[in-house]
Amino acid sequence: MPAPQDGSASPQGAKALVKSYGCQMNVYDATRMTDLLAKEGYGQAAVEEDADLVVLNTCHIREKAAEKIYSELGKLAVTKRERAQAGRDFKIVVAGCVAQAEGVEVLRRQRAVDLVVGPQSYHRLPELLSQAAQGRQLTDTDFAVEEKFRELPQPSRAQIRARGVSAFVTVQEGCDKFCSFCVVPYTRGAEISRSVEEVLAEARRLVESGVSEITLIGQNVNAYRGEDSGGIIWPLERLFEALSGMEGLHRLRYTTSHPVDMTQGLIDAHGALPKLMPFVHLPVQSGSDRVLKAMNRRHRAQDYLDIVQRLRAARPDIALSSDFIVGFPGETDADFEETLALIREVDFASTFSFKYSPRPGTPGAEREDQIDDEIMRERLAVLQALVESQRQAFNAATVGRTVDVLFEKPGRHEGQIAGKSPYMQAVHVDGPTEMIGGVVPVKIVVAGSNSLGGKISEGEGEDG
Ligand code: SAH
Ligand code: SF4
Ligand code: F3S
């Protein structure tokens, strides 16, 4: 394909596909990369076959996640060879946390990769792509996060509308916690908060273009300490207060929080701000103080239970979700029992749980008391059976109640629309597509295994 003539980084008529793995932060970054590439003249490809450029926005959190990328890359390398035979260009970019953690290794293991770009330097994609056009493999894994926030283009109103009624806004990136199992402090760098002005401007633009739910995201979102134009530092709840005043914005959420940063101010906000949804994802990882200490989590099981109690005091209907790791090095049966006891005490609405995966460069991986895979498998099965029964019970308890639903999209069946309850449950009803984007009271009539069915209620909703 000829080099671009118009000063943009894209060849004429070229299309790009950005594929995302891992957490919400990667989803947000993938959207930003798509916007950036659109500005450079790339159309959006729906499938790989249509793309001239594929960006894999990767996750390094567990070994499985990282290894998946190499098999994806193997397939893309085949496509690249076929394209070359047909005289067509095909570029492969590896972005995200695998890029950051093992960029050089990626280039060595897969020669077809043109460019490796880390999560804090992808705003340089256009410039890097034109350099990569010269045929060299390139890497950029600098931590340039403030520059990134400044330089990334904002999406157009049409782009926002096409993405639906619920949107993410990054307010904080990176992590200073160094849990002994986790790669994030190494792949995302130190904690840094976006300025208040930047966050509010981005939110305003989304709301003006039809977004009615905003989820503030960060690796440690509740550690947010952003500066306003007067140099005052805002905690997260102050952002929620400001966002609560935005007309047309119906719902506010945030993820992911660390128990240590769960301040009383943020807990109180759940009682004071009706737009702040009664659902908190608060990873605890383990219920054993011994394991929590070894994980460097900086809190005990009882601290977590106290936070839950205070959240429930502020907002009695609040639903909780969490992450668990089973089989951290040294975890005994007794430790695992304490995790089950914590789960029984809290009663979670939903959870994510994982077998411990030793990650290169983390202290946990160095330990000699690694747990047998078979034991991890058994513990995970026991834990998942327990949390699954809690999840089903939580969903079943919604039946008969009227809850507010934010409708997001057409449902799977003709005449259906689908949305979310305040507690992140998927809800479908028979209703007109005109209701999409609105919050409507729905009487829940049935709880399926993965979603609730309801009827649009004539009266008022009981929940905020
Ligand atoms: N910042 C968030 C999320 C981190 S990653 C937090 O602090 O909770 C998301 C989840 O992946 C973690 O909560 C943890 O449960 C899991 N995880 C992280 N590293 C892992 C590892 N090495 N093995 C297994 N699970 C891991
Ligand atoms: Fe990882 Fe712990 Fe930081 Fe979460 S708080 S990103 S688990 S190091
Ligand atoms: Fe994965 Fe990086 Fe997110 S390792 S979980 S994509 S911060």
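The values are calculated or read from the model by the stated rules, or taken from the named source; none is laboratory data. As the structure is a computational prediction, the values presented were derived from the model and not from experiment. Here the Cβ is made from the backbone with ideal geometry for all residues, glycine too, and neighbour counts use every protein chain on show.
Summary table below
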quantity	calculated
Output for the range 92-132, where each listed residue is over 26 Å from the mean Cα position of the chain (by Cα), not in a helix (DSSP H, G or I) and not aliphatic (A, V, I, L, M)	Gln110, Arg111, Asp114
Within the range 351-385, considering residues that are assigned to a loop (DSSP other than H, G, I, E, B) and β-branched (Val, Ile, Thr), the one farthest from the chain's Cα centre (by Cα)	Ile371
Hey, Glu72 modelled with pLDDT under 95, away from ligand 2 (no atom under 16 Å from the Cβ) and acidic (Asp, Glu) or not	no
Candidates Ala77, Ala84, Ala51, filtered to the one that is at pLDDT below 95 and either surrounded by 16 or more Cβ atoms within 10 Å (Cβ to Cβ) or out of contact with any helix residue (DSSP H, G or I) (no Cβ under 6 Å at 6 or more places or on another chain) (or both)	Ala84
Positions within the range 293-306 being more than 14 Å from ligand 1 (Cβ to nearest atom) and not charged (D, E, K, R), in sequence order	Ala301, Gln302, Leu305
Selection from the range 182-193 of residues that are near ligand 2 (Cβ under 7 Å from one of its atoms) and either buried (at least 21 other Cβ atoms within 10 Å of the Cβ) or touching a residue at least 60 places away in the same chain (Cβ under 8 Å) (or both)	Cys182, Val184
Any hit, the range 24-38, residues being among the basic types (Lys, Arg) and either in a loop (DSSP other than H, G, I, E, B) or farther than 27 Å from Val221 by Cβ (or both)	no
Per-region count, the range 418-441, residues in contact with a Lys or Arg (Cβ under 7 Å, 6 or more places away or on another chain) and part of a strand (DSSP E or B)	4
Leading residue by the ranking (nearest to ligand 1 (Cβ to nearest atom)) among those in the range 308-331 that are within 23 Å of the chain's Cα centre (by Cα) and over 30 Å from Asp372 (Cβ atoms)	Leu320
Options Phe324, Phe328: the member that is in contact (Cβ under 8 Å) with a residue 40 or more places away in the chain and assigned to a loop (DSSP other than H, G, I, E, B)	Phe328
Search result, residues across the range 331-362 that are surrounded by 16 or more Cβ atoms within 10 Å (Cβ to Cβ) and not hydrophobic (A, V, I, L, M, F, W, C)	Glu331, Asp335, Glu338, Thr339, Ser350, Thr351, Ser353, Lys355, Tyr356, Ser357, Arg359, Thr362
